[in-house]
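Asks: Dumping the structure here so I can ask a few things about it.
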Amino acid sequence: MRQLKVALAGLGSRGKDTYAVTAKLFPEKMKIVAIADTDAAKVAEVAECYQVPQEYCFHSAEELLAQDKLADVMFITTQDRQHVGHAIPALKKGYDLLLEKPISPDLEECRALVKAAQECGRKVIVCHVLRYTPFYTKLKEILDAGRIGDVVTVMGIENVGYWHQAHSFVRGNWRNSDTTSPMILQKCCHDMDLLLWLTGKTAQSVSSFGSTYLFKPEMAPEGAALRCMDGCAAKAECPFDAEKIYLTNEKTGVERGNTGWPCNILTLHPTLESVREAIQNGPYGRCVYHCDNNVVDHQVVNICMTDGSTISFTMSGFTEQNSRFTKFMGTKGEILADLHENTIQVQKFGKEPEIIDVSKLSDDFSGHAGGDNRMVEEFLDMIREGREPEKSMTTLERSVESHYIALAAEKSRLEGGRIVEMEEIRQNTVI
Ligand SMILES: NC(=O)c1ccc[n+]([C@@H]2O[C@H](COP(=O)([O-])OP(=O)(O)OC[C@H]3O[C@@H](n4cnc5c(N)ncnc54)[C@H](O)[C@@H]3O)[C@@H](O)[C@H]2O)c1
């Protein structure tokens, strides 16, 4: 079977550090032939690592898209509000797409992409990476087998993790919905997609509450400086202190040997000196109480499904772990699905519980619990074998539905928890 030529638009954490790497994992399936990023250092690094000739290295996705079609598929991994602007011209050029989520925070853009993909007859897979993990694959298998009967109630929680909240959603790229996306779309469109897929149900109406509870000036402790390194009097007791997160934390600190994420967001090649310099002078050294953030740090979403069953979902930045936990309650039993522990407990009513240790089912849990590499491989196989998305991965329309729920939740939250009917969002009669 043929090796696919891949064009990469956006060489950040996802494009360079996650998806480019798969060219080394599956060399018989893909070759990176063209790349684009506005950051020349990233272009140079990827060009050298994957032997991309100079004439196929571009300074922007726009420049790449101005060329004739250079590859079989394009991976679009630019920032949230750029995706559709890059995806539609790529479809028109004849590329099939692997497209980072969220598609767009703008409903009209989501619709326009679906229309363009249909008109061009091209495939678009949105990177809902968790679907491809051993954990959620197993969970889906158990639910589809009817082991707990009909699912009537679901309770899901996304534990964002206190330092991840501070890194990405207070100091970092996704801190302000005016420039990126609302938190419930940016972080939780995965959860909305998973909940729809796992239950096989359709949402009817949504309500939501949430706010920025902590990360605002009036919550700053006494003596807090505007920057962590500027003699902050509250430093010792502050878990969000940049020195703790990026230098000394056992999992995330460069002093402890971590030169990957999140340190490599501060500086391309993290060293003790470059990370220290970044928190001394850059955005990641700002006090979490004094940033230009507006996205929520906690939000709860209630979803009523068309069959009368219900889902409650909570995202919270106030957690130690960065993981997900879901309880499914069915007519014949219940399931506790704990992604952090990598266990799924199936409890049929009146019987002994069965605990499935998912860590025994695979030896690759790298990158989103093993989802990143598997998703890319499935995408490549789907294109190489000429399969349709609905028969192999997921459709663009289904991904858009997860965005509709997230955007309905955001609308409800902004309107004090008003019930938003999904048809209002699908038909766009209210936004
Ligand atoms: N699927 C997932 O689970 C997942 C996880 C993290 C991030 N994401 C999403 O992936 C996307 C990328 O995230 P990231 O963490 O890699 O961000 P990033 O900021 O590290 O990378 C984005 C890259 O796009 C480049 N860029 C900006 N404008 C460009 C242009 N006009 N042409 C070409 N390149 C341009 C930037 O220089 C940067 O290198 C975001 O939309 C994010 O929400 C998805």
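The values are calculated or read from the model by the stated rules, or taken from the named source; none is laboratory data. Computed from a predicted model, the values in this text were never measured in an experiment. We place every Cβ from the backbone using ideal geometry, glycine too, and count neighbours over all the protein chains shown.
Asks: Looking only at the stretch 242-272, which residues are buried (at least 18 other Cβ atoms within 10 Å of the Cβ) and within 22 Å of the chain's Cα centre (by Cα)?
Replies: Hits for the stretch 242-272 are 245, 246, 252, 258, 262, 263, 264, 265, 266, 267.
Asks: Could you give every pair whose Cβ atoms fall below 8 Å, whose first residue belongs to the stretch 405-416 and is under 16 Å from residue 294 (Cβ atoms), and whose second residue is surrounded by fewer than 24 Cβ atoms within 10 Å (Cβ to Cβ) and aromatic (Phe, Trp, Tyr), counting only separations of at least 6 or pairs across chains?
Replies: Within 8 Å, the pairs are 413/209.
Asks: Please go through the stretch 28-50 and give me each residue that is more than 10 Å from the ligand (Cβ to nearest atom) and of a type in the set (Lys, Arg), ordered by number.
Replies: 29, 31
Asks: State which residue is farthest from the ligand (Cβ to nearest atom) when the search covers only the stretch 65-96 and only residues that are under 17 Å from the mean Cα position of the chain (by Cα), crowded, with 17+ Cβ neighbours inside 10 Å and within 23 Å of residue 406 (Cα to Cα).
Replies: Residue satisfying both the conditions and the ranking: 84.
Asks: Enumerate the strands (runs of 3 or more DSSP E) found wholly within the stretch 276-351, keeping only those where 1 or more residues are in the same structural domain as residue 193 (by TED's automatic domain parsing), among the charged types (D, E, K, R) and crowded, with 17+ Cβ neighbours inside 10 Å.
Replies: Strands (runs of 3 or more DSSP E) meeting the threshold: 323-330, 333-338.
Asks: (1) under 24 Å from the mean Cα position of the chain (by Cα); (2) within 23 Å of residue 378 (Cα to Cα): which one isn't true of residue 37, the others all being true?
Replies: (2)
Asks: Output the number of the condition that residue 380 fails; it satisfies all remaining conditions of (1) buried (at least 16 other Cβ atoms within 10 Å of the Cβ); (2) free of Cβ contacts under 8 Å to residues at least 40 places away in the same chain.
Replies: With (1) buried (at least 16 other Cβ atoms within 10 Å of the Cβ); (2) free of Cβ contacts under 8 Å to residues at least 40 places away in the same chain applied to residue 380, the lone miss is (2).
Asks: Considering each residue of the stretch 141-165, count those that are under 20 Å from the mean Cα position of the chain (by Cα), more than 16 Å from the ligand (Cβ to nearest atom) and more than 14 Å from residue 334 (Cα to Cα), and give that number.
Replies: Residues in the stretch 141-165 being under 20 Å from the mean Cα position of the chain (by Cα), more than 16 Å from the ligand (Cβ to nearest atom) and more than 14 Å from residue 334 (Cα to Cα): 2 in total.
Asks: Out of all the residues in the stretch 368-405, which are closer than 26 Å to residue 184 by Cα and in a loop (DSSP other than H, G, I, E, B)?
Replies: Passing the criteria: 393, 394, 395.
Asks: Within the stretch 251-266, identify whether any single residue is assigned to a helix (DSSP H, G or I) and more than 24 Å from residue 41 (Cβ to Cβ), and answer yes or no.
Replies: Yes, the conditions are met somewhere in the stretch 251-266.
Asks: Next up: So residue 100 passes all but one of these: (1) among the charged types (D, E, K, R); (2) in contact with a helix residue (DSSP H, G or I) (Cβ under 6 Å, 6 or more places away or on another chain); (3) buried (at least 23 other Cβ atoms within 10 Å of the Cβ). Which condition number does it fail?
Replies: (2)
Asks: Kindly evaluate residue 206 against the criterion of being touching a residue at least 40 places away in the same chain (Cβ under 8 Å), crowded, with 22+ Cβ neighbours inside 10 Å and of a type in the set (Val, Ile, Thr).
Replies: Spelling it out, residue 206 is indeed touching a residue at least 40 places away in the same chain (Cβ under 8 Å), crowded, with 22+ Cβ neighbours inside 10 Å and of a type in the set (Val, Ile, Thr).
Asks: Ok, one more. From the set of residues in the stretch 28-39 that are out of contact with any His (no Cβ under 7 Å at 6 or more places or on another chain) and over 17 Å from residue 5 (Cα atoms), which is surrounded by the fewest Cβ atoms within 10 Å (Cβ to Cβ)?
Replies: The extreme case among them is 39.
Asks: Right, another one. Could you look through the stretch 5-27, keep only residues that are part of a strand (DSSP E or B) and crowded, with 22+ Cβ neighbours inside 10 Å, and pick out the one that is farthest from the ligand (Cβ to nearest atom)?
Replies: 6
Asks: Another one. Go through the stretch 51-64 and give me each residue that's crowded, with 17+ Cβ neighbours inside 10 Å and either at pLDDT below 95 or more than 9 Å from the ligand (Cβ to nearest atom) (or both).
Replies: 52, 56, 57
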